[in-house]
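Working notes, beginning with the structure itself.
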Amino acid sequence: MQSSILITGCSTGIGLCAAKTLQARGWLVIASCRQKKDVEALESQGLKHVIELDLNDEISIESGFNQALEIANGKLDALFNNGAYGQPGAVEDLTTKALRLQFESNVFGTHALTRLAVKQMLQQGNGRIVQNSSVLGLVAMPFRGAYNASKFALEGLTDTLRLELKGSSVTVSLIEPGPIESRFRANALVALKKHVDIKASRHQQGYDAAIERLSASESNTRFTLPADAVVKKLIHALEAKRPKLRYYVTFPTYLMAFLKRILPFSWLDPLLIKGGN
């Protein structure tokens, strides 16, 4: 019987790559995105089942989940919570509104969708949930406070959920990528300009550097990997008999996880400050 999966954030990058790859592997893929124009674009690229699902809107989340369940004939085998964006800015420059918007997409919307999936999977007797986190869910870097906080929160919720599902047939895994080729930087640049008063900040020089970095057509980080590096880990989390609890992707993630274990914060902080500039 064909396995089914709902994937969020499929308009570009990791979500799009995951949807195409899993469909090619024989999965019944329900790809979701926020806007109708993206639904039509994904359908034109050969994805068979594409739905609108806005993580900022609980009505859209519930409607999208029910639509996915209908497409999957009432049994959803997996959920890949991939949809998210990054809000740059120094903590002192972030408005509470900007922080709240970051959490709406990256935490609250994901939580609402996960709750629906957990209920369904417990009823049907099995399921797999995979959360796409970040190296910034392991360590913090400057000028990324909102995103850091959202990913730390996602990891805390996910670890707790895993403990609470112990003994059931529902598994939960975290994927923690570092730099990946996607539209993440372009979307972050839009969020920076929209929500931060750059000219009024004492960090203006840092923002100028951030704008230059985020405006580049390609990442200036030599450890950047294509989206399929994440999808390879996703496939293991979905198809392996014993999925891992955590999957690191890219050298920076492995490195930061190692350094966090062995270094005191007085040594680690300078490295994080340098890496965040």
> Applying the selection to segment 175-226, what residues are in a helix (DSSP H, G or I) and charged (D, E, K, R)?
Replying inline: ARG185, LYS193, LYS194, LYS199, ASP208, GLU212, ARG213
>> So, restricting to strands (runs of 3 or more DSSP E) that lie completely within segment 1-116, which ones have at least 2 residues that are surrounded by fewer than 20 Cβ atoms within 10 Å (Cβ to Cβ) and out of contact with any Phe, Trp or Tyr (no Cβ under 6 Å at 6 or more places or on another chain)?
In response: 49-52
> TYR248 fails exactly one of the following numbered conditions: (1) under 18 Å from ALA78 (Cβ atoms); (2) surrounded by 15 or more Cβ atoms within 10 Å (Cβ to Cβ). What is the number of that condition?
Replying inline: (1)
> Looking only at segment 120-145, which residues are surrounded by fewer than 22 Cβ atoms within 10 Å (Cβ to Cβ), among the polar types (S, T, N, Q) and within 22 Å of VAL196 (Cβ to Cβ)?
Replying inline: none
> Within the set of pairs 6+ apart or on separate chains, which have a first residue in segment 163-179 that is free of Cβ contacts under 8 Å to residues at least 24 places away in the same chain, a second that is part of a strand (DSSP E or B), and C-beta atoms under 8 Å apart?
Replying inline: none
> Residues of segment 81-95 being out of contact with any helix residue (DSSP H, G or I) (no Cβ under 6 Å at 6 or more places or on another chain) and farther than 19 Å from LYS199 by Cα, which ones?
Replying inline: GLY83
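Taken together, the values in this text are just the output of simple stated rules run on the coordinates, not laboratory data. Note that the coordinates shown come from a computational prediction; the quantities given were computed from them, not determined experimentally. Virtual Cβ from ideal backbone geometry, glycine too; neighbours counted across all protein chains shown.
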